[in-house]
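Please read the structure below before turning to the comments.
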Amino acid sequence: MKKVAILTTFFEASSGYSLIAVAETQIKMLLEAGYDPAVIVQENFRQSGMWREEMLDLRPVVPQLHLQSGIADDFEERVDRIYKALKVGLHDADVCITHDIMLQKFYKEHNIAVRRLAKLHPEILWLHFLHSCPTPADVTEYPENCRYTPPPGYLVYPNASDKAMVCNTYGLAGQEQRVVPNRASHSIDPLAIWDYDKLTRDIVDKFDLPGGEVTAVYPVRLDRGKQPEKVIRLMAGVHKAGYDPRLLVIDWQSSGKHFQEYIDELMTLADDLGIGGKVAFTSRLDDRANQGVPRHIVTELMDLSNIYVHPSRVETYSLVTHEAILRGKLAVLNHDFPAARELFGENAIYMDFGSDRNSRSYGSEEQIFWNNEAYRLIAELRQNRALWAQTQARREWSPGAMWRDFERLLYLETP
């Protein structure tokens, strides 16, 4: 496994600076995949959080300098100090990731030191991440020209739209392959950036709720009048339509024998419909949830879903439906329960779940009925741009989903 170094000029990592967030994402992805990245920081670095020597291979070697946009009187001496520090800090590196070193005018000394080290160690693969849009300029005089000449290795940029501008800035005509569009380092783990409870995180570790395309939580005491089997059938219809469903039933005080038998029955139904791995009950995922979960856990799990289905036969007022709507979920309510239409009106879609006021008989065609309703649900969800964008961000723009696209960079051939 390659030794990856991440070269930064950070003197702290506790602020909200976006470049720190990107570097931290890279570190976490590497650690999660079994790599042991060396993290190069300034010699005066203030250790905090995960950025500590007991947590990382942290190397505080970069000289502390008063950086300036112009040319310092002791410019070459500064370059030499950085060069010597990098020789120490990168002595075992196979790959070196830099952040804005090749872009910012304040890092000209670092820029030239990297180029000198690259000549001494041509075996190192350099990946230079750019975090601002470069501006082409006709500059030929040393040392300002270091920001406009081809660097060692590759330039990594988060979009392909600006690739021509990057190539033009760095004089890479004919070498366009050395500018690599890659957004993986800008991936975001929603469980990492918001302060979710440990129980929420543990439940999600055991059941990949955010990984689904059509995802629902159903907080319920497992009375048969709550009809969770119809949500399962609807999710089976989603699966048959070619989408990936998830249903997490947050069962409350359901440890009695008849409740457990009902859960077994529901799990058997899910298995029979081909979505056994897509349905889970919190009481069976974690012992701490065997009598239910605190209300804030319900809210956090709901945040990681995109629809809320409420097929209950009997209600007076559904607080959880109200909460789901407040959280921005697409609500799917019971048309056969008149109060639902009165209370929530046009702010939901309605399906014929049956109720104590209006019973439903689906006969032998029940699953066909729910398969057809699933198409209506999917159409409604897909045309809600905010919800679908959120769904895509959770599924496809997360570090786990984008890791392979990041890892491939580490095995590019040295140009």
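Here is a check on your reading of the model: is PHE369 part of a loop (DSSP other than H, G, I, E, B), closer than 20 Å to ARG233 by Cα and among the aromatic types (Phe, Trp, Tyr)? Taking the combined requirement at face value, the residue does not satisfy it. Residue pairs whose Cβ atoms lie under 6 Å apart, sitting 6 or more positions apart in sequence or on different chains, and linking a residue in the range 15-42 that is more than 15 Å from LYS2 (Cβ to Cβ) and in the same structural domain as LYS87 (by TED's automatic domain parsing) to a partner that is surrounded by fewer than 19 Cβ atoms within 10 Å (Cβ to Cβ) and of a type in the set (Phe, Trp, Tyr), are GLN42/PHE11.
Which of the residues belonging to the range 268-292 are in contact with a strand residue (DSSP E or B) (Cβ under 8 Å, 6 or more places away or on another chain) and of a type in the set (Gly, Ala, Ser)? Those that are in contact with a strand residue (DSSP E or B) (Cβ under 8 Å, 6 or more places away or on another chain) and of a type in the set (Gly, Ala, Ser): ALA270, ALA280, SER283, ALA289, GLY292. Any chance the range 364-377 includes a residue that's touching a Phe, Trp or Tyr at 6+ places or on another chain (Cβ under 6 Å), of a type in the set (S, T, N, Q) and at pLDDT below 95? No - not one qualifying residue is present in the range 364-377. May I ask you to list the residues in the range 209-264 that are closer than 18 Å to ALA324 by Cα and of a type in the set (Lys, Arg)? ARG221, LYS226, ARG246, listed by residue number.
For the subset of the range 365-401 comprising residues that are β-branched (Val, Ile, Thr) and in contact (Cβ under 8 Å) with a residue 60 or more places away in the chain, which member is surrounded by the fewest Cβ atoms within 10 Å (Cβ to Cβ)?
Restricting attention to the range 365-401, the residues satisfying the condition of being β-branched (Val, Ile, Thr) are 368, 378, 391.
Filter again for in contact (Cβ under 8 Å) with a residue 60 or more places away in the chain, leaving 378, 391.
Numbers: ILE378: 18, THR391: 21.
Taking the candidates together, the pick is ILE378.
Taking first residues from the range 319-331 that are under 19 Å from ALA389 (Cβ atoms) and partners that are β-branched (Val, Ile, Thr) and surrounded by fewer than 18 Cβ atoms within 10 Å (Cβ to Cβ), the Cβ contacts under 6 Å between residues at least 6 apart in sequence or on separate chains come to ALA331/ILE325. Being within 14 Å of PHE129 (Cβ to Cβ) and either loosely packed, with under 15 Cβ neighbours inside 10 Å or over 28 Å from the mean Cα position of the chain (by Cα) (or both): is that true of SER18 here? It is true that SER18 is within 14 Å of PHE129 (Cβ to Cβ) and either loosely packed, with under 15 Cβ neighbours inside 10 Å or over 28 Å from the mean Cα position of the chain (by Cα) (or both).
LEU130 - would you say it is more than 28 Å from HIS66 (Cβ to Cβ) and at pLDDT 95 or above?
Working: more than 28 Å from HIS66 (Cβ to Cβ): no; at pLDDT 95 or above: yes.
Against the criterion (more than 28 Å from HIS66 (Cβ to Cβ) and at pLDDT 95 or above), LEU130 does not qualify.
I'd like to check something: does the range 164-184 contain any residue that is in the same structural domain as LYS108 (by TED's automatic domain parsing) and under 30 Å from ILE297 (Cα atoms)? Checked the range 164-184: at least one residue is in the same structural domain as LYS108 (by TED's automatic domain parsing) and under 30 Å from ILE297 (Cα atoms).
Filtered by the rule that a residue be within 30 Å of GLU32 (Cβ to Cβ) and of a type in the set (Val, Ile, Thr), the range 168-197 gives VAL179, VAL180, ILE188, ILE193.
So which of GLY225, GLY277, GLY237 ends up being at negative phi, in contact with a Lys or Arg (Cβ under 6 Å, 6 or more places away or on another chain) and assigned by TED's automatic domain parsing to the domain that holds ARG360? Break it down stepwise before answering.
Numbers: GLY277 fails: in contact with a Lys or Arg (Cβ under 6 Å, 6 or more places away or on another chain); GLY237 fails: in contact with a Lys or Arg (Cβ under 6 Å, 6 or more places away or on another chain).
GLY225 is the lone residue from the list that is at negative phi, in contact with a Lys or Arg (Cβ under 6 Å, 6 or more places away or on another chain) and assigned by TED's automatic domain parsing to the domain that holds ARG360.
Taken together, VAL88, VAL139 contain a single residue that is surrounded by fewer than 19 Cβ atoms within 10 Å (Cβ to Cβ), touching a residue at least 12 places away in the same chain (Cβ under 8 Å) and out of contact with any Leu (no Cβ under 7 Å at 6 or more places or on another chain), which is VAL88. Scanning the range 51-66 for residues that are more than 34 Å from the chain's Cα centre (by Cα) and more than 12 Å from PHE10 (Cα to Cα) yields a count of 1. Of all residues in the range 287-324, those being of a type outside the set (Asp, Glu) and surrounded by fewer than 17 Cβ atoms within 10 Å (Cβ to Cβ) number 11. Kindly indicate whether any position in the range 389-408 is touching a Phe, Trp or Tyr at 6+ places or on another chain (Cβ under 6 Å) and among the hydrophobic types (A, V, I, L, M, F, W, C). Within the range 389-408, none of the residues are touching a Phe, Trp or Tyr at 6+ places or on another chain (Cβ under 6 Å) and among the hydrophobic types (A, V, I, L, M, F, W, C).
Taking the range 70-114 as the search range and keeping residues that are small (Gly, Ala, Ser) and closer than 25 Å to ILE27 by Cα, which one is nearest to the chain's Cα centre (by Cα)?
So the first thing to find is which residues in the range 70-114 are small (Gly, Ala, Ser), and the list is 70, 72, 85, 89, 93, 113.
Within this subset, residues satisfying the condition of being closer than 25 Å to ILE27 by Cα are 85, 89, 93, 113.
On the way: ALA85: 34, GLY89: 30, ALA93: 28, ALA113: 34 Å.
So, considering only residues that are small (Gly, Ala, Ser) and closer than 25 Å to ILE27 by Cα, the one nearest to the chain's Cα centre (by Cα) is ALA93.
Residues that are within 26 Å of ASP197 (Cβ to Cβ) and either touching a Ser or Thr at 6+ places or on another chain (Cβ under 8 Å) or crowded, with 22+ Cβ neighbours inside 10 Å (or both) within the range 257-279 comprise GLN260, ILE263, LYS278, VAL279, listed in sequence order. Against the numbered list (1) in contact with a helix residue (DSSP H, G or I) (Cβ under 9 Å, 6 or more places away or on another chain); (2) at negative phi, GLY354 comes up short only at (2).
The values are calculated or read from the model by the stated rules, or taken from the named source; none is laboratory data. Just so it is clear, the model here is predicted, and its values are computed rather than measured. Cβ coordinates were reconstructed from backbone atoms using ideal geometry, including for glycine residues, and neighbour counts include every protein chain displayed.
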